[in-house]
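**Q** Provided herewith is a single structure, encoded as structure tokens, for subsequent inquiry.
The values are calculated or read from the model by the stated rules, or taken from the named source; none is laboratory data. Please read all numbers here as calculations on a predicted model, not as lab measurements. Using ideal geometry, Cβ is built from the backbone for each residue, glycine included, and neighbour counts are taken over all protein chains shown. To get the accessible areas, we keep the full protein, side chains included, count just its heavy atoms, and leave off ligands, DNA and RNA. Shrake-Rupley method; radii C 1.70, N 1.55, O 1.52, S 1.80 Å.
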Amino acid sequence: MSRRPRLSPTVGTARNLIRAALEDAQVPEGSLLLVACSGGTDSLALAATAAYFAQNGQYRVGAVVVDHGLQQGSADVAEAARSQLAGLGLEPVEVRRVEVATAGMGPEAAARTARYEALDAAVEQHRASAVLLGHTLDDQAEQVLLGLTRGSGTRSLSGMPSRRGVYLRPFLALRRAETEEVCRFNGLDPWHDPTNADPSLVRSRVRTQVLPYLEDALGPGIAESLYRTSRILAQDAAYLDELAEVEYGRLRRTAGSEPGKEEYDGGTLLLSEAGLRALPPALRQRVLALAVFELGGIQPSFERLLAAENLLRRTGSAGPVQLGGSVSAYRQVRGARVPQGHPSYGSLVLGKNLTIRE
């Protein structure tokens with residue numbers, strides 16, 4: 001009688017990471033988990049590890065393979081992944097083919113948008129309680145480095161969240177080499193995406209050139225240090241975001257259109273100038289961004305937020321200042337147009353497609 005292979009310590013660690021992620025997210029036992037799988041090393045390792053929880057009856061586990069159709073032979077890759085996932089005992093296992101938009105955003109962002117739309121649809125169809133994503137510590141380190149090159153803030157430098165809604169990333173503390181070990185232990189044959197070594201892509205250069213160079217120049221442990229930094233910053237960002245939500249609720253007011261004053265298309269928000277001035281910059285900029293989001297805009301750049309803050313000094317132009325996604329801001333000024341006591345007096349006014357009539 002053949003003996004079962006001895007459990008790899010890495011496989012045990014991977015199981016513990018999934019267990020902890022499910023417990024932290026309070027995913028009910030017996031519910032359906034879906035693994036988002038490309039057929040690559042990380043997601044196949046995740047699927048194999050998640051299959052353990054189906055085998056012991058704790059959860060039902062299925063998988064979704066998204067075929068973006070961006071590379072020749074992508075349908076064959078997707079089918080090979082589906083076959084291996086079915087062989088692990090996952091059910092349901094399905095391939096969802098998507099069309100990636102060719103205009104309006106970069107190819108990576110467009111593929112990501114199409115992928116999450118497909119995953120969202122799968123969640124709704126199968127009533128899944130969670131979707132497991134296979135991002136690793138190495139992916140997180142790359143994300144932090146990319147954020148540094150963009151001059152990003154705390155939220156960006158905190159990297160990918162371990163949880164966002166139904167999406168969980170249990171392997172963020174696992175190295176890519178460890179997912180390779182999990183695949184070997186389970187006898188899996190992962191697909192190796194050629195774009196991961198394409199030097200024309202920034203992320204690929206970070207993976208194959210920048211991180212190895214930093215390890216050589218500064219010593220081992222760079223990826224782990226970047227991951228640790230992301231965890232610290234994620235905690236800081238979450239706390240600041242909570243405080244900003246409270247302040248936004250306190251300072252936010254709405255205004256209606258008044259003939260001869262302002263015209264509003266898509267809504268207008270008022271933020272107290274005095275209240276904004278009293279906030280530290282880290283909170284003030286977050287409050288301004290929250291107003292932009294509510295109006296349907298996009299995350300303003302640091303420079304745009306500074307321009308909006310300059311309006312509060314009342315030393316120059318009253319605006320408007322463009323923030324993001326057709327949202328602009330201007331400072332209400334003293335005068336006949338807005339008499340003292342009017343709700344808009346002493347406010348920063350933010351609106352979408354906003355025009356001011358004298």
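**Q** Among the numbered criteria (1) closer than 24 Å to Arg314 by Cα; (2) at pLDDT 90 or above, which one does Lys261 miss?
**A** (2)
**Q** Restricting the search to the stretch 209-249, which residues are charged (D, E, K, R) and closer than 20 Å to Asp139 by Cα?
**A** The answer is Glu215, Asp216, Glu224, Arg228, Arg231.
**Q** Condition first: closer than 18 Å to Ser8 by Cα and among the aromatic types (Phe, Trp, Tyr). Now tell me which residues in the stretch 37-68 satisfy that.
**A** Of everything in the stretch 37-68, those that are closer than 18 Å to Ser8 by Cα and among the aromatic types (Phe, Trp, Tyr) turn out to be Tyr52, Phe53.
**Q** Considering only the stretch 38-139, give the helices (runs of 4 or more DSSP H) lying wholly within it that have at least 2 residues that are farther than 24 Å from Ala20 by Cβ.
**A** Helices (runs of 4 or more DSSP H) meeting the threshold: 74-87, 107-126.
**Q** To continue, here is another question. Please go through the stretch 11-34 and pick out each residue that is small (Gly, Ala, Ser), under 23 Å from the mean Cα position of the chain (by Cα) and not in a helix (DSSP H, G or I).
**A** Ala25
**Q** Check off (1) open to solvent by less than 50 Å² (accessible area, probe 1.4 Å); (2) touching a Phe, Trp or Tyr at 6+ places or on another chain (Cβ under 6 Å) for Ser31 and give me the number that stays unchecked.
**A** Failed condition: (2).
**Q** So, Arg97, is that one modelled with pLDDT of 90 or more and under 22 Å from Ala128 (Cβ atoms) or not?
**A** Here the answer is yes, as Arg97 does meet what is asked.
**Q** Filter the stretch 49-62 down to the residues that are more than 13 Å from Ala130 (Cβ to Cβ) and either buried (at least 24 other Cβ atoms within 10 Å of the Cβ) or among the charged types (D, E, K, R) (or both) and list them by number.
**A** Thr49
**Q** While we're here: Cβ contacts < 9 Å: first residue free of Cβ contacts under 8 Å to residues at least 40 places away in the same chain, restricted to the stretch 102-128; second residue open to solvent by less than 50 Å² (accessible area, probe 1.4 Å) and in a helix (DSSP H, G or I), any location; separation 6+ or different chain. Result?
**A** Thr102/Ala110; Ala103/Ala110; Gly104/Ala110
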